[in-house]
Amino acid sequence: MTMKDTKIILGITGSIAAYKAAVLLRLFIRKGAEVQVVMTPAAKEFVTPLTFSTLSGKPVVSEFFSRRDGSWHSHVDLGLWADAMLVAPATASSIGKMARGMADNMLVTTYLSCRAPVFVAPAMDMDMYAHPATQENLERLRSFGNRIIEPAEGELASHLVGKGRMEEPERIIGVVEDFLASRDSLRGKKILVTAGPTYEKIDPVRFIGNYSSGKMGFALAQACAGRGAEVELVAGPVSLQAAHPLIRRTDVESAGEMYAAATDIFPKADAAILCAAVADYRPETPRESKIKRGKDERLTLSLVLNKDIAATLGQMKRPGQVVAGFALETDNGIVHAKEKLERKNLDLIVLNSLQDEGAGFGHDTNRVVMIDREGETTPLPLKSKRDVAADIVAKLITLLK
């Protein structure tokens, strides 16, 4: 069984859906997991600790100090003990505290100390869930590497019907179990990921660049690290953070700097995912001082070709190494992507098009087509870049095998 002897922290917050947590706990125990329940004070107003203590065979942790003899519950020890943490149900209040690091109860301090993967299953009224503040907090938790188990639509405690109902326990268990089954699938592997744009200097204050946000590349780095890989992330100029201990980040600015970093790392890597939007050309002679506005209506820049990172790594790769690239096209996407796959000796190419709404630069979503060397073409529907990254990494694992 995937979960046999797995150590789970089950965090329960003050929601009417707390009764479902008892079912969750029972399912975890049946699958062989060892579960420590941590409840907020508000959660105890809905279901008593006795219920969870009886089911888990462990005293429930809720207060920092349960006795007056100087002993206390160590959130640090709990965070180190766990293989995974699940907060279900997670109220808007607790989600906000977790997102902002407001450590005023045992559950949030345990979350902040937890080194293991964290899953969050929201439960609240539809308007609370849809509120921009809640969505911003959820997005912030996602950016930390937490996995949000989306609530379902249905009748809520308010008797309104909408999205906010905590996902059913069987579905939640399945998400956690699937993750635990796959989390070590890249352990022992080193993956190079490039992300973001490159800036090619015109003068000290101007550059040639593009609209890449780096979100897709960072999602790929997180997905690889989440499956146990040691990730070498080479990032162009972006404002994103890579919050995972297995990600080692190298920041670069120009295509030349990215080329140097990638070619230095790749010989020691098992695979490369080249997601960066690298400038094809750079100014031949960048000015040392700012170009002043003149009377001429035209300013001519002489551009020269940058080195091709994907083609170089495609030539460098040894048997067993895998190189995946990206193709952003505006027309005849499949044809151009297949040609790029062959020309650069890639093993996989991921095509996305600016013609697809919600895909391409700047979005949190993407719609891609994966094409491998065997000619297998796998179109994916529009989904979050995190989910797209998970699909791409799953494909990468099959190619590495």
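Miscellaneous remarks
- Distance from region 205-246 to region 374-401 (C-alpha centre basis), Å: 18 Å
- Shape category assigned to region 138-208 from the gyration tensor of Cα positions, a/c cut at 1.5: oblate
- Candidate cross-link partners of Lys290 among the aspartates and glutamates, defined by an alpha-carbon separation under 12 Å and a same-chain spacing of 8 or more, comprise Asp203.
- Surface listing: Phe119, Phe144 arranged by accessible area from highest to lowest gives Phe144, Phe119, probe 1.4 Å.
- Pair-distance distribution of region 180-242: all C-alpha pairs, bin width 5 Å, starting at 0; shares per bin in whole percent are 4, 18, 23, 17, 14, 10, 6, 4, 3, 1, 0.
- Counting all C-alpha pairs of region 247-291, share separated by more than 13 Å (%): 67 percent
- Descending principal axes extents, region 278-352, alpha-carbon based, whole Å: 56, 29, 15
- For region 330-370, convex hull of alpha carbons as volume per residue, Å³: 69 Å³
- Taking only protein heavy atoms and a 1.4 Å probe, the accessible area of the chain is 50% carbon and sulfur.
- For region 228-376, fraction of C-alpha pairs farther apart than 27 Å, in %: 33 percent
- Anchor Lys190: lysines whose Cα lies under 26 Å away (excluding residues fewer than 8 positions away in-chain): Lys215, Lys268, Lys307, Lys317, Lys340, Lys344, Lys385, Lys395, Lys401
- Once the Cβ-Cβ distance of Leu305 and Glu376 is raised to the sixth power relative to R0 = 35 Å, the FRET efficiency obtained is 0.65.
- Extents of region 1-160, largest first, come to 43, 32, 30 Å (Cα atoms, principal axes, whole angstrom).
- Under 15 Å, Cβ to Cβ, from Leu354 - net charge with Lys/Arg +1 and Asp/Glu -1: -3
- Its residue count N sets the reference 2.2 N^0.38 Å, and the alpha-carbon radius of gyration of region 307-401 equals 1.05 times that reference.
- Helical runs assigned H by DSSP (4 residues or longer) give the chain a calculated mean residue ellipticity at 222 nm of -10000 deg cm²/dmol, each run adding -39500 (n - 2.57) before division by the residue total.
- In summary, region 157-305 shows an alpha-carbon radius of gyration equal to 1.47 times the 2.2 N^0.38 Å reference for compact globular proteins.
- Phe144-Thr263 pseudo-label distance in nm [points 7 Å out on the Cα-to-Cβ vector]: 4.1 nm
- Solvent-accessible area per residue, Å², over region 213-273 with all protein chains present [probe radius 1.4 Å]: 36 Å²
- DSSP beta bridge pairing in the chain, given as percent antiparallel to the nearest 5: 30 percent
- Distance in nm between pseudo-label sites at Glu170 and Val23 (7 Å out along the Cβ direction from Cα): 0.9 nm
- Divide the volume of the convex hull around the Cα atoms of the chain by the residue count and you get 183 Å³ per residue.
- Tilt relative to the chain, helix 215-226 - C-alpha long axis, 0 to 90 degrees, to 10: 50 degrees
- The candidates Glu34, Glu232, Glu374, Glu342, arranged from most to least accessible area with a 1.4 Å probe in the full protein assembly, appear as Glu374, Glu342, Glu34, Glu232.
- For region 94-215, the spherically averaged projection of the C-alpha convex hull amounts to 11.9 nm².
The values are calculated or read from the model by the stated rules, or taken from the named source; none is laboratory data. Just so you know, these numbers come straight off a predicted model, no measurement behind them. Ideal geometry is used to build each Cβ from the backbone, glycine not excepted, and the neighbour counts take in all protein chains shown. Each accessible area value is taken on the protein alone, full model and side chains, heavy atoms only, with ligands, DNA and RNA left out. Shrake-Rupley method; radii C 1.70, N 1.55, O 1.52, S 1.80 Å.
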